[in-house]
Amino acid sequence: MDTVLQQRAPAPGEAALRDLLAPAGISINGTRPWDLRIRDPRCFRRILADGSLGLGETYVEGWWEAEAVDELICRLLSSGLDHPLPSQPRLLWEWLKSRFINPQGLRRSRRVTETHYDLGNVFYQRMLDPWMQYTCAYWKNASDLATAQEAKLELVCRKLGLRAGDHILELGGGWGGFARYAAERFGCRVTLYNLSKEQVAYARERCAGLPVEVHHADYRSAAGTFDKVVSIGLCEHVGARNYPAFFALQQRCLKPDGLMLLHTIGCNRTKITTDPWIQRYVFPGGQLPSLRQLLTAAEGRFVLEDLHNIGADYDPTLMAWHHNFERHWPEFRDRYGDRFHRLWRYYLLSCAGAFRARSIHLWQMVFSPNGIAGGYTAVR
């Protein structure tokens, strides 16, 4: 008797998703590293219904795999498949919250420190470099993460023109890496403000004996007059409706002949929401500024002296973090669990893909209150 081979009927939504992904060169159950390998056919409808939110959630739930999630995301974004449909109800709710609520108000700002930055200092020590830099490194003349992060710190200090005796206000501060570097290498005094109890404890320990004052307080508590002001990786948590007050605070705290450096991730288009998956699972209240938003907030307060886009350097930075995260994961499996593992893998690799696609950027912006006579000499 002849055997008739029956082809599997497509799962609901499979054909539509296949057609959607085709222009990006991504196949369903293909053999290339960036192709989606389906474990649960329910993912088709979820991804179509919820866009990037559904894509991330179904990955964390184990409904699909890809050998190179970073390249998958890069191809999606490079093909323009990052624009959510207005009919997606979950994404509409995120837009409404950002429109009518201040997600970065003082009370809500504590969420990101509790859910992300206070995961444990040992966890971040395993993933980051010796200076504990959780922002973009500078790879121009570097071939490893530690060297690239030290080069970033040196670059920031040189852009600010630091001199011995300068008093620097740092908004955010992380684990105190910049403060320690500026104090040890340039003889500066640093005052920093940070809401994360874990980061503050670490910074106080590592900066002991140095002229570094660490305040466990929101950046809005900053007061005084300083030679230089620096913000590295904080602006992503400030929020669009707070940008004018953010720049006004820095203007108020900076001497007339001082310099301010802003180091921030930014996006190509002005919007009041961020990626919904990142917003929900990684950085609650996070929001990426556009150049228009930042320069509008700075207008009348500062002169923009220099703008440097090093966003392409965030791709190798994130890939280095991912390598360290996977290498040390056995130490943390019992504490955090497999779901956390998939969530953080997707977070690190998807962000690397977004920077690789040049969908988001890393800007270093140098401002002066009144303009520098004769002009500012750019540092690269």
LEU92 vs. criteria among the hydrophobic types (A, V, I, L, M, F, W, C) and at pLDDT below 90: yes
Single match in ARG252, ARG220 (criterion: in the same structural domain as ALA142 (by TED's automatic domain parsing) and free of Cβ contacts under 8 Å to residues at least 24 places away in the same chain): ARG252
Flag for THR135 being polar (S, T, N, Q) and either assigned to a helix (DSSP H, G or I) or surrounded by fewer than 19 Cβ atoms within 10 Å (Cβ to Cβ) (or both): no
Matching option when the condition is farther than 20 Å from GLU57 by Cβ, in contact (Cβ under 8 Å) with a residue 60 or more places away in the chain and either surrounded by fewer than 19 Cβ atoms within 10 Å (Cβ to Cβ) or outside the structural domain of GLY62 (by TED's automatic domain parsing) (or both), among HIS323, HIS361: HIS361
Test for ILE265: is it assigned to a strand (DSSP E or B), among the aliphatic types (A, V, I, L, M) and under 12 Å from the mean Cα position of the chain (by Cα): yes
Matching residues, the range 24-57, being at pLDDT 95 or above and surrounded by fewer than 17 Cβ atoms within 10 Å (Cβ to Cβ): GLY25, SER27, ASN29, GLY30, THR31, ARG32, PRO33, ARG37, ARG39, ASP40, PRO41, ARG42
Any hit, the range 268-278, residues being of a type in the set (Asp, Glu), buried (at least 20 other Cβ atoms within 10 Å of the Cβ) and more than 22 Å from ALA182 (Cβ to Cβ): yes
Among (1) at positive phi; (2) out of contact with any helix residue (DSSP H, G or I) (no Cβ under 7 Å at 6 or more places or on another chain); (3) touching a residue at least 40 places away in the same chain (Cβ under 8 Å); (4) surrounded by fewer than 16 Cβ atoms within 10 Å (Cβ to Cβ), the one test that GLY187 misses: (3)
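Quick one: is PRO330 assigned by TED's automatic domain parsing to the domain that holds VAL238, surrounded by fewer than 19 Cβ atoms within 10 Å (Cβ to Cβ) and assigned to a helix (DSSP H, G or I)?
On the way: assigned by TED's automatic domain parsing to the domain that holds VAL238: yes; surrounded by fewer than 19 Cβ atoms within 10 Å (Cβ to Cβ): yes; assigned to a helix (DSSP H, G or I): yes.
Yes; evaluated as a whole, the condition is true for this residue.
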Given (1) under 24 Å from GLY80 (Cα atoms); (2) in a helix (DSSP H, G or I), index of the condition PHE325 fails: (1)
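The values are calculated or read from the model by the stated rules, or taken from the named source; none is laboratory data. As the structure is a computational prediction, the values presented were derived from the model and not from experiment. Counting neighbours? That spans all protein chains shown, and the Cβs are built from the backbone with ideal geometry, glycine included.
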